1. Considering the Cα trace of the chain, what is its radius of gyration and what is Dmax, both in angstroms?
2. Quick check: net charge around K117, other residues with Cβ under 15 Å of its Cβ, Lys/Arg +1 and Asp/Glu -1?
3. Quick one: among T36, T67, T76, which has the greatest mean-square fluctuation in a GNM of the chain with alpha-carbon springs under 10 angstrom?
4. Give the peptides 82-88, 48-54 in descending order of average Cβ contacts within 10 Å, highest first.
5. Near the amide H of A141, under 5 Å away, which other amide H atoms are found, from residues 5 or more places off or on another chain, if H is placed in the peptide plane?
6. Please arrange H159, H125 by how many other C-beta atoms lie within 10 Å of their C-beta, fewest to most.
7. Pairs on different chains or at least eight residues apart, Cα atoms closer than 25 Å: how many lysine pairs in segment 53-201 fit?
8. For the pair N199 and L46, what calculated FRET efficiency results from E = 1/(1 + (r/R0)^6), where r is the Cβ-Cβ distance and R0 = 30 Å, to the nearest 0.05?
Amino acid sequence: MLRRSDSRPGDMERTLIVGLGNPGKKYARTRHNVGTDAIEVLAKRLGVSLKAGRDRALIAETRMGSTAVVLAVPTTYMNDSGEAVGPLVRRYKITNPENIIIVHDELDLAPGLLKIKMGGGLAGHNGLKSISAHLRNDNYARVRIGVGKPPSKDVGADHVLSAIPAAERKLLDVVVETAVDAVESIVANGIAAAMQDYNGR
């Protein structure tokens, strides 16, 4: 990652907000793509369109209040998310890890639950592993959307990639909106305040 001293006078510190998922209609609205869903909702709230950029991602540059933000959805597969996030961090000269927010599915949380955390372990999430490998740093913000554990590890891939029962999808649609609220809170108030507000729910 770039060091703070690498930035030049006049550079504007942006916040990069990334939703993880897999590309293509086959994976749309699966558990694995709730991060992508959140960025699409956020883009709609902000009245912007995600468009293909140079760094293997759909992006939109806009503002949230006084903060310049870049919304991004990698067009890589989940396991290669870092191939989009690493170049985006460099392109936009993002030096503060708090200004990288990753929204992703979380097996360790029940469907409908949400937690925010800064840095820490990756809990076996291959998208986060790829990002950390490319950034050489685990210290970025995560908005974790609960999708529940599969019955066994053998069916983990099926669990996150298969169609979702209607009742659970309704739960996920609600928590995706909450995830967008959480992102807005992180940008407006900082991660410590957002964690205090959302992690106690």
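Every number here is computed from the coordinates shown, using simple stated rules; none is lab data. Being a predicted model, the structure only gives us computed values, none of them experimental. So basically every Cβ, Gly included, is an ideal-geometry build from the backbone, and we count neighbours across all protein chains shown.
1. Reported Rg and Dmax, both Å: 15.8, 53.
2. -2
3. In the Gaussian network model the winner is T67.
4. Result, highest mean Cβ count within 10 Å first: 82-88, 48-54.
5. The answer is I100, I102, G119.
6. Sorted ascending by nearby Cβ count, the order is H159, H125.
7. Within segment 53-201, the lysine pair count is 14.
8. So, using R0 = 30 Å, E works out to roughly 0.75.
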